[in-house]
Structures are given as C-alpha cells and as structure tokens.
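First the structure, in the form of structure tokens, and then the observations on it.
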Amino acid sequence: MKLGKKITIVMFLPLFFFAMSTCVKDNPSDFDGIPLEKKDSISLKLISAINSDSIKATATWLQRMGTRFSLADNHRLVAVSIRDKFKRNGYYTAYIDSFLLSNTWKSQNYTTWQYNVIAQLDGSVHPDSLSIIGAHYDSNVRDGDPFKKAPGANDNGSGVAAMIEIARVMRLKNYVPGISIQFVAFAAEEVGLFGSADYAAKLAYSGRPVSIMINNDMIANVTNPNRLLWEVKIKHYSNSEDLSEKASALCGKYIKLTPVIDTSGIKRSDSYSFFLKDYKAIYFESASSDYNYHTIGDLAVECNFNYCKLVTGLSAAMLVHSD
Ligand SMILES: [Zn+2]
C-alpha cells in the first residue's frame, strides 16, 4: 500500500516541478508572488532560454576552425562562417564590414583585409539608436604557430558564443527592443584591437546614438568547484561607472554570480576602443585566471559552459535593461 501510494507521489513530483518551472519561465506574471516589471519578465524569459549546450556547441565549432588568427589564410572564411551562423539564426541581413590593416607581427609587415561581422535586431521605437554587444573572434597562441593552430575556446570563443546565443534566444522569444541591438564579432583584437577601433570610428562618423556597448572576453573559465562562490569581473571606464552598478544589481537579481568591480586591464579588450570614442562601455570577464590563456590548450573541454551561461544571462539582462 504504502509502496503503491509512495510510487504514485514520486512519479508526480517531477511533473509538479516541471509545471511550476514552465509556467514561471515562459509567461511570468509574478515570481515568488512578486509582480514583475516588463523588463524583468523579458529578462527572465531570455535568461531561461539561454542554453549552456548551445553555447558549448558554438565555442567547439569555432575551435574546430583550427586557427582564427587574424593573419592566417583562413581569416576571411572564419568571418564568413560567423556571418552565416547569424543568418541561420534568423539574422538574414548579417554582413561583413571590411577594413584594410597594415601591421607588423614578429617584425614582419602585413597588409591584409580584415572583417568585422555585424548582425542587427531592429528596434521598434528608435531603430537608428543602438545597443551594442561585441566580442573578438580572432585567436592567438604563444606556445605554437598561430598561423596553424590557435583554438581559442575561452579566448574568445566563449564571448562570441555568448553573443550568438543571445541573438538566438532573442529571435526565439520574439523579443523586439525599442532601440536596435547590434551583435558585432570583431577582427584583429589580439594584434591590437584593430577591428573594434575601426568599427567605433565608423560609428562615431555615422553619428548614431549608442546607449551601451557590452564586451565579453574570456567568460568560460572558473576554477572554484563551488558554484555558490562563482564571481564575474565587471570592468567599467571613467564614463561608465553607473553601468557597473547596474550590472551588479542585475547579478543579484537574476544571475547568482558575485560581481567583482575591477578596472584593471580595461585597455586590453575591445570595449576600450568604444571608450576612446566616448561611448559608454562595460566589459565582462571571468574572475578566475585561465592557465590555458593563449596556448594550444585553450580548448572547449577545459571550459565551464554552465558558468558561461550565467555571464551570458547577465549580458542579455543588461541589454534589456538598457533599452
Ligand atoms: Zn581575448
């Protein structure tokens, strides 16, 4: 009897939890009984659709390109592949924006065409204004030949995968922002932030208003096994301290990551190019050191995509709350 009754209860428990999670996730009208503002419910909807396996699949796909070094022969093919990935996710107008780069690498001069990749989710109220989320797609190694092999799963396959995942779930959930959102994969960051510098200059010349620029760089490594102690570095510039405060608040509200405000190394990634053009930029990075940094060991198997999913959620919420 007892046994009979016990089996019945056990069987329905997962269904009960499933029903609870489904109704809260897909159409939240309240959360734990608290009425939610529209941006909160949209953020929750997007965050719950973000999938760590999907992020992992994209980072692995990028890694399998062999190298994404900006001077390697395949660098245009890498950009075209990323553009087509956006198109497959419903961004049919995704395009490549090219620029000519002359630079020196290991005392040899190179003049190459480089390719930023841009996809846009059109805004319904202010389509000319922009919120930008970006990540560099190129990779580099110091323990081998980057022209041949530079897997860059964490640096920066994780940032590109996060950006593509946000684009995917915004389409999936039919999210229509008021301000247009641009997803930008930058070229040639590792050799001198050239892709973001080129794009920020073109943007400044266009005069389009930009509400925020979010940069993700190396967001899939965490050393602490205890996820309750996971942290994320939030980096702002002298004109964007309020964005750090907003990101910290959103961390507490949705993400369960401990925010660590840290302005070290803020010149070392693409958000710096936007700061130099007076745009308000913020930069997210894992709080753990990556021992595989710029090595052929920077592989997807070394990454933690459950952690990356959380940082991706933070960026999605920042975009919604900056709209
Ligand atoms: Zn990087």
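Annotations
- When the stretch 200-223 is filtered for residues that are modelled with pLDDT of 95 or more and polar (S, T, N, Q), the ones remaining, listed by number, are SER206, SER211, ASN215, ASN216, ASN221.
- When residues in the stretch 168-189 are screened for being in contact with a Leu (Cβ under 7 Å, 6 or more places away or on another chain) and open to solvent by less than 10 Å² (accessible area, probe 1.4 Å), 7 of them pass.
- Output for the stretch 190-202, where each listed residue is surrounded by fewer than 21 Cβ atoms within 10 Å (Cβ to Cβ) and more than 16 Å from the ligand (Cβ to nearest atom): ALA201, LYS202
- Residue in the stretch 94-103 that is within 16 Å of the ligand (Cβ to nearest atom) and not hydrophobic (A, V, I, L, M, F, W, C) present: no
- Counting only residues that are closer than 22 Å to ASN51 by Cα and either within 13 Å of the ligand (Cβ to nearest atom) or assigned to a loop (DSSP other than H, G, I, E, B) (or both), the stretch 164-189 holds 6 of them.
- For the stretch 133-149, the tally of residues that are of a type in the set (Phe, Trp, Tyr) and within 13 Å of the ligand (Cβ to nearest atom) stands at 1.
- Restricting attention to the stretch 121-152, the residues being closer than 24 Å to ALA317 by Cα and open to solvent by less than 20 Å² (accessible area, probe 1.4 Å) number 10.
- Among the candidates PHE274, PHE305, residue that is of a type outside the set (A, V, I, L, M) and within 30 Å of ARG208 (Cα to Cα): PHE274
The values are calculated or read from the model by the stated rules, or taken from the named source; none is laboratory data. Bear in mind that the values here come from a model prediction, so they are computed numbers and not experimental data. Every residue, glycine as well, gets a Cβ built from its backbone with ideal geometry; the counts of neighbours run over all protein chains shown. The protein model used for the area step is the full one, side chains on, heavy atoms only, and it has no ligands, DNA or RNA in it. Shrake-Rupley method; radii C 1.70, N 1.55, O 1.52, S 1.80 Å.
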